[in-house]
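Enquirer: Let me give you the structure first, and then I'll get to my questions.
The values are calculated or read from the model by the stated rules, or taken from the named source; none is laboratory data. None of these values were measured; they are calculated from a predicted model. Cβ: placed from backbone, ideal geometry, glycine included. Neighbour counts: every protein chain shown. Each accessible area value is taken on the protein alone, full model and side chains, heavy atoms only, with ligands, DNA and RNA left out. Shrake-Rupley method; radii C 1.70, N 1.55, O 1.52, S 1.80 Å.
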Amino acid sequence: MPLPRKLASGWASSLNGSARFAMTDANPTPQAVLPVQAATSAEQAADAASTAQAAALVTRVAPSSAARRSTQEQLSAAGLVLLEPCERLSQWPGLMLHSALLQDFTTAEADILGLAMLRLRAQPGQVLIAEDAASDWMMLLLSGTVDVTKRQIGASDDAQEPAERARLAVLKTGAVIGEMSMLDGEPRYASCRALSVVEVAVLTRAGIAGLITQHPGVSAKLLVKLTQLLAQRLRNTSNQLLKRLHKTTPP
């Protein structure tokens with residue numbers, strides 16, 4: 001039996017409305033997608049801007065204008081031999097095991113870091129870092145032994161005799177050298193001299209900025225590790241100072 005006209009009309013309207021809702025749910029119109037796309041694009045733009053600002057912050061801290069030669073020029077002027085880029089950093093014998101800097105890096109992350117570094121060689125007696133010099137790089141000791149010394153109070157600026165210098169540390173494979181001045185742009189606190197044939201990987205402030213923009217995960221891990229190393233060094237220095245104060249304080 002045919003449906004009454006008003007009922008049939010209402011039923012058809014209901015069906016058409018359901019179909020429209022079903023079509024809308026299954027295949028959203030471009031108008032519904034546009035706000036989501038716009039929000040995603042805005043977030044991506046904000047992330048890119050934040051990354052660029054972080055990279056700029058790293059390079060903003062610069063040494064004095066007299067020291068703004070390229071890293072290659074500075075290292076070559078010191079008589080150090082520049083080698084090929086530091087590829088496959090993870091393959092250096094014992095480095096991943098002994099380096100506190102690389103303890104939490106995967107081999108792939110370590111290799112990415114290595115590509116941002118220069119490799120160089122020094123002979124026994126050569127100075128890797130000179131006290132009071134201005135430069136914007138740090139070193140990762142790949143092989144060999146390095147002596148870290150500082151001028152005694154009252155010694156001349158060019159003092160090199162053992163009696164005029166205090167030994168602070170002897171560093172071996174995996175140690176990080178010069179990270180403090182690289183980060184804050186201040187003159188070098190101490191001198192580092194090769195005790196044997198030494199190979200190091202050099203990372204500049206510009207290299208860190210490049211990692212921030214191209215490999216943010218690796219750069220974040222690197223900066224966290226550097227912060228941990230500096231915090232540990234500060235803690236050790238504070239403990240040594242307290243011990244000396246305790247020895248010199250009368251009972």
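Enquirer: Please work out how much length the chain gains when fully extended from residue 213 to residue 83, using 0.36 nm per residue of separation minus the C-alpha to C-alpha distance, in nm with one decimal. Could you put the intermediate results ahead of the total?
Expert: Values: separation 130, 0.36 × 130 = 46.80 nm, distance 2.56 nm.
Between residue 213 and residue 83, full extension yields an extra 44.2 nm.
Enquirer: Taking N as the number of residues in the range 110-154, what is its Cα Rg relative to 2.2 N^0.38 Å? Please list the in-between numbers first.
Expert: Values: Rg = 13.3 Å, N = 45, 2.2 N^0.38 = 9.3 Å.
My calculation over the Cα atoms of the range 110-154 gives 1.42.
Enquirer: Would you mind getting the accessible area per residue of the range 73-132, heavy atoms of the protein chains only, 1.4 Å probe, in Å²?
Expert: Working: 3020 Å² over 60 residues.
Each residue of the range 73-132 exposes 50 Å² on average to a 1.4 Å probe.
Enquirer: Would you mind telling me the share, in percent, of accessible area of the range 84-199 contributed by carbon and sulfur at probe 1.4 angstrom?
Expert: Details: 3000 of 5610 Å².
Looking at the range 84-199 in its full context, I get 54 percent from C and S.
Enquirer: Around residue 190, what is the net charge, scoring Lys/Arg as +1 and Asp/Glu as -1 over all other residues with Cβ under 13 Å from its Cβ? Show your work: numbers first, answer last.
Expert: Values: positive: 150, 151, 165, 167, 188, 193, 233; negative: 131, 132, 147, 179, 186.
Taking every Cβ under 13 Å from that of residue 190, the sum is +2.
Enquirer: Next up: With a 1.4 Å probe and all protein chains left in place, how much accessible area per residue does the range 169-229 have, in Å²? Kindly include the intermediate steps, with their values, before the conclusion.
Expert: On the way: 2380 Å² over 61 residues.
That works out to 39 Å² for each residue.
Enquirer: Using θ = phi - 60° and the Karplus relation 6.51 cos²θ - 1.76 cosθ + 1.60, list the HN-Hα couplings for the range 76-89 in order, rounded to whole Hz, with x at every Gly or Pro.
Expert: Each residue's phi maps through the Karplus curve to give 5, 4, 7, x, 7, 8, 7, 10, 5, x, 7, 7, 6, 4 Hz.
Enquirer: Please list, in order along the range 90-97, the HN-Hα scalar couplings obtained from phi with the Karplus expression 6.51 cos²θ - 1.76 cosθ + 1.60 (θ = phi - 60°), rounded to whole Hz, x for Gly and Pro.
Expert: Computed from phi, the couplings for the range 90-97 are 5, 8, 5, x, x, 5, 5, 7 Hz.
Enquirer: If the cut-off is a Cα-Cα distance under 29 Å, which lysines reach residue 150, setting aside same-chain residues fewer than 8 apart in sequence?
Expert: Qualifying lysines at Cα under 29 Å: 172, 225, 243, 247.
Enquirer: What's the FRET efficiency of residue 195 with residue 233 using the Cβ-Cβ distance as r and R₀ = 22 Å, to the nearest 0.05? Spell out each step's value before the answer.
Expert: Working: r = 21 Å, r/R0 = 0.94.
Efficiency, rounded to the nearest 0.05: 0.60.
Enquirer: Each label point is 7 Å from the Cα along the Cα-to-Cβ direction; what then is the distance between the points at residue 242 and residue 223, in nm?
Expert: 3.0
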